[in-house]
Amino acid sequence: MKIFLNYSVFVFMSIFLINSCKSVKKTNFQTENILQYCNFIEITSPFAMRILQYLPSECYCGTRSCASNCVGIISNNDSIRVLSICNMDTSYMIGQTVIVYPIPQPKSQVMIAQSRIIVDGRISLSDLDRKKLNTIYGSLSKK
């Protein structure tokens with residue numbers, strides 16, 4: 001009789017959990033990928049850049065690669081996005097001038113830091129991340 005009661009409680013709880021899971025409303029977040037706003041170009045020489053936005057890498061590198069996302073102005077007043085692999089440095093400031101040392105684009109997948117905002121209940125990229133910019137991979141050095 002004790003086994004039957006335990007089994008009955010188990011069956012009742014299983015049915016209850018299954019029915020309550022069916023009533024959970026699924027949320028469909030539509031997110032944008034920043035790569036659709038990157039126009040990758042090739043630059044081989046170091047250059048100076050004034051920072052407009054800097055987002056540090058969101059994870060330590062190891063089993064996956066992550067990159068910081070730095071948008072800035074270069075000498076000809078063009079905007080450029082520089083992605084720096086494994087750069088979690090948080091000391092870069094808006095308005096600061098840095099030297100960018102270009103590196104080849106990695107062949108593996110890279111998670112890129114992105115600023116997200118909520119607009120009309122949807123998660124979206126910030127206006128600056130949504131701007132189509134020439135983009136390179138490079139390391140940043142404080143001037």
Q. Ser45: on the phi < 0 side of the Ramachandran plot, modelled with pLDDT of 95 or more and assigned to a loop (DSSP other than H, G, I, E, B), yes or no?
A. yes
Q: Among residues belonging to the range 99-143 that are among the β-branched types (Val, Ile, Thr) and closer than 20 Å to Asn39 by Cβ, point out the one that is surrounded by the most Cβ atoms within 10 Å (Cβ to Cβ).
A: Val100
Q.
Testing Arg50 on (1) assigned to a loop (DSSP other than H, G, I, E, B); (2) charged (D, E, K, R); (3) more than 17 Å from the chain's Cα centre (by Cα), one condition comes back false. Which one is that?
A. (1)
Q. Just checking, which of Val71, Val98 is among the aliphatic types (A, V, I, L, M), farther than 18 Å from Glu42 by Cβ and over 16 Å from the mean Cα position of the chain (by Cα)?
A. Val98
**Q.** Subset of the range 85-98 [surrounded by 12 or more Cβ atoms within 10 Å (Cβ to Cβ) and either not in a loop (DSSP other than H, G, I, E, B) or not hydrophobic (A, V, I, L, M, F, W, C) (or both)]
**A.** Ile85, Asn87, Asp89, Tyr92, Gln96, Thr97, Val98
Q | Every residue from the range 49-90 that is among the small types (Gly, Ala, Ser) and either closer than 18 Å to Asp129 by Cβ or at pLDDT 95 or above (or both) | A | Ser57, Ala67, Ser68, Gly72, Ser79, Ser84
Q) Looking at the range 62-79, which of the residues that are of a type in the set (A, V, I, L, M) and either loosely packed, with under 15 Cβ neighbours inside 10 Å or touching a residue at least 60 places away in the same chain (Cβ under 8 Å) (or both) is farthest from Ile103 (Cα to Cα)? A) Val71
Q | Among (1) exposed (fewer than 14 other Cβ atoms within 10 Å of the Cβ); (2) touching a residue at least 24 places away in the same chain (Cβ under 8 Å) - the single one Val82 does not satisfy | A | (1)
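The values are calculated or read from the model by the stated rules, or taken from the named source; none is laboratory data. None of these values were measured; they are calculated from a predicted model. Here the Cβ is made from the backbone with ideal geometry for all residues, glycine too, and neighbour counts use every protein chain on show.
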